[in-house]
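Read the figures in this text as sums done on the coordinates, not as results from a lab. Quick caveat: nothing in here was measured; it's all calculated off a predicted structure. Reconstructed Cβ throughout: ideal geometry from the backbone, glycine too, with neighbour counts over all protein chains shown.
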Amino acid sequence: MQNRIEVFEQMLAADPENTMVMFGLAKEYEKIGDYHKVIDVLEKYISVAEDEGNAYGTLAQAYNTVGEREKAIEAYKKGIDVSIAHGHPSMANDYRMTLDMDFAD
């Protein structure tokens with residue numbers, strides 16, 4: 001049986017604009033620690049999907065892991081705005097707390 005990443009990649013090849021598949025693929029890459037691929041997939045995902053905030057947190061964590069601190073901060077800030085706009089104040093608060101605790105200068 002094929003691994004989950006291969007299945008998601010095949011599904012995405014068949015339907016390149018399927019945002020659910022994109023997000024699923026990014027989460028699979030996250031599970032194996034391939035953060036550069038997480039970033040690649042989520043950047044495309046965010047450009048075509050109306051995310052409610054979760055993708056921005058995953059993207060921010062990936063950026064931070066690969067040493068892109070400023071991009072991580074920007075992703076968290078965008079995630080705050082998006083999650084508030086979609087009625088997810090607790091997610092916004094989580095992102096604010098992460099910025100305050102982990103990214104304060």
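What does the C-alpha gyration tensor say about the overall shape of segment 4-102? Classify as rounded when a/c is under 1.5, otherwise prolate if a/b is larger than b/c, or oblate. Taking the square roots of the gyration eigenvalues as a ≥ b ≥ c, segment 4-102 is oblate. If each of Ala13 and Val48 carries a label point 7 Å out from its Cα toward its Cβ, how far apart are those two points in nm? Taking the simple label geometry, Ala13 and Val48 are separated by 1.6 nm. Measuring r between the beta carbons of Glu6 and Met101 and using R0 = 41 Å, the FRET efficiency lands at 0.65.
Taking the longest Cα principal axis of the chain as reference, the axis of helix 89-102 is set at about 70 degrees.
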